[in-house]
Amino acid sequence: HIPFCKQACHYCNFHFSTSFDKYRTEMINAICNEILLQANFFEDRKTSIQTVYFGGGTPSILTQNEFIKIWDSLENTFNLTEVQEVTLEANPDDMGDYFFELISSSKINRLSIGVQSFDNLDLAYLNRVHDSSKAISVIEKSLNHGIDKISTDLIFGIPTSGIARLEKDIRILANIGVNHISAYGLTVEPNTALDHLIKKKKSVPVDENKSAEEMSWLMDFLPKLGYEQYETSNFSLPGAEAKHNSSYWHDIPYLGIGPSAHSYKKPCRSWNPCNNMQYIRNIENGKIIQESEILDSISLYNEWIMTKIRLREGILFKDVENQFGNNISKKFILSIERYIHSGDVLFSDDKFTLSKKGKLLTDQITSDLFL
């Protein structure tokens with residue numbers, strides 16, 4: 001997790017700072033040192049790492065030398081010989097010539113580009129730095145540099161836009177050759193700039209009915225262009241699914257490095273402090289000071305349901321029985337029955353999947369299935 005951005009997007013509630021240059025070197029050193037301190041996270045240092053994801057914040061703010069330093073620390077600590085996917089999140093405004101020099105000299109083979117919209121009114125509402133022409137040009141340039149795995153984030157439910165804008169955006173991406181689209185409904189998180197602006201009536205509020213209508217339209221339109229909805233918010237052309245993100249949904253252990261980064265190794269989840277200077281000082285003292293929790297059987301079940309219900313593969317009833325036993329599987333059936341009757345959940349060949357209508361109610365259905 002690279003916790004820095006040039007400016008704050010109005011809707012964002014992730015941990016980040018806009019003061020990178022004040023302690024840039026200290027942060028890079030701390031991240032590299034944490035990598036060394038976490039060398040035995042996977043117990044066997046010969047464990048083959050499958051994916052690496054540089055997220056943020058804005059990792060595209062890194063210089064070539066900074067990226068190389070972090071990568072060398074990873075390579076010297078973990079077994080990266082079988083890495084299948086190395087993703088870097090990038091904002092269009094950071095993707096200048098120096099950025100493509102970084103790409104050309106690194107193991108990065110996938111980009112996740114924060115487009116959000118190709119409409120400048122939308123981008124102004126979100127307080128994004130780039131404009132639409134910049135976004136189009138950097139996607140084309142990425143493809144020209146041999147990065148054929150490109151994911152773009154799009155936000156729907158923005159008050160300044162609608163279905164006509166979404167269709168325009170999708171067609172632009174399809175025509176350029178983007179093979180993965182992550183579509184997220186705009187949500188107003190507490191204490192964000194957008195939350196304050198709406199409360200002060202300086203910004204138009206978000207309409208949940210409008211968001212639902214646009215999500216429904218996306219689920220109809222994207223498959224017509226060949227994009228499969230393999231997870232509630234993620235669409236890809238066949239074979240272009242995100243390997244790294246899919247590991248979260250399939251209960252695979254992962255190690256998070258950097259301020260606020262989360263790690264998971266069943267049954268334990270841990271996370272670093274959401275404070276940059278505290279994180280740096282801890283690492284300088286040779287300590288990884290984290291909060292953690294041991295997930296009990298009910299929490300493990302709830303999280304398993306929460307992730308599996310979002311996937312194209314859905315939930316196999318035999319997996320519920322095998323993993324959680326007869327008592328819990330009976331409670332699962334009792335909870336999900338009404339959604340089968342309402343048509344929100346489909347049941348066939350021992351498998352439960354969300355219908356199109358059900359995907360609009362993902363959070364509600366998930367909550368009702370919890371123990």
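For Met219, the conditions (1) over 15 Å from the mean Cα position of the chain (by Cα); (2) at pLDDT below 95 are fulfilled apart from (2).
The requirement of being under 23 Å from the mean Cα position of the chain (by Cα), under 23 Å from Ser151 (Cα atoms) and modelled with pLDDT under 90 is satisfied by Phe4. Leu295 meets the conditions (1) open to solvent by 40 Å² or more (accessible area, probe 1.4 Å); (2) touching a Pro at 6+ places or on another chain (Cβ under 8 Å); (3) more than 23 Å from Ile35 (Cα to Cα) in every case but one. The failed one is (1). For region 57-79, a residue qualifies if it is under 17 Å from Gly256 (Cβ atoms) and at pLDDT 95 or above, and the qualifying residues are Ile70, Trp71, Ser73, Leu74, Thr77, Phe78. Each residue in region 257-277 was checked for being assigned to a strand (DSSP E or B) and either surrounded by 16 or more Cβ atoms within 10 Å (Cβ to Cβ) or not charged (D, E, K, R) (or both), and 7 pass. All conditions but one from (1) β-branched (Val, Ile, Thr); (2) in contact (Cβ under 8 Å) with a residue 60 or more places away in the chain; (3) in a helix (DSSP H, G or I) apply to Ile340; the one that does not is (2).
Of everything in region 278-305 that is part of a helix (DSSP H, G or I) and of a type in the set (Val, Ile, Thr), the residue that is nearest to the chain's Cα centre (by Cα) is Ile305. If a residue has to be in contact with a Ser or Thr (Cβ under 9 Å, 6 or more places away or on another chain) and surrounded by fewer than 16 Cβ atoms within 10 Å (Cβ to Cβ) to count, how many in region 107-125 make the cut? Count: 3.
Which of (1) surrounded by 20 or more Cβ atoms within 10 Å (Cβ to Cβ); (2) modelled with pLDDT of 95 or more is the odd one out, the single condition Gly239 does not satisfy? It is condition (1) that Gly239 fails. Can you tell me which residue within region 175-206, out of those that are over 22 Å from Val115 (Cβ atoms) and of a type in the set (D, E, K, R), is least open to solvent (accessible area, probe 1.4 Å)? The qualifying residue least open to solvent (accessible area, probe 1.4 Å) is Asp195. Here is a check on your reading of the model: is Arg128 in a loop (DSSP other than H, G, I, E, B) and open to solvent by less than 50 Å² (accessible area, probe 1.4 Å)? Yes. For region 242-256, the set of residues classified as open to solvent by 50 Å² or more (accessible area, probe 1.4 Å) and either farther than 26 Å from Asn33 by Cβ or in a loop (DSSP other than H, G, I, E, B) (or both) consists of Lys243, His250, Asp251, Ile252, Pro253, listed by residue number. Sub-7 Å Cβ pairs linking a first residue in region 358-371 that is within 11 Å of Thr232 (Cα to Cα) to a second residue that is in a helix (DSSP H, G or I), at least 6 apart or interchain, are Gly358/Tyr339; Gly358/Ile365; Lys359/Met219; Leu360/Ala212; Leu360/Met215; Leu360/Ser216, ordered by first then second residue. The residues in region 157-173 that are open to solvent by less than 40 Å² (accessible area, probe 1.4 Å), assigned to a helix (DSSP H, G or I) and not basic (Lys, Arg) can be counted, and the count is 5.
The values are calculated or read from the model by the stated rules, or taken from the named source; none is laboratory data. In this text the structure is predicted, and so the values were computed from the model without any measurement. Neighbour counts are summed over all protein chains in view; Cβ atoms, including those assigned to glycine, are modelled from backbone coordinates with ideal geometry. The accessibility values were calculated without ligands, DNA or RNA, using every heavy atom of the protein model including side chains. Shrake-Rupley method; radii C 1.70, N 1.55, O 1.52, S 1.80 Å.
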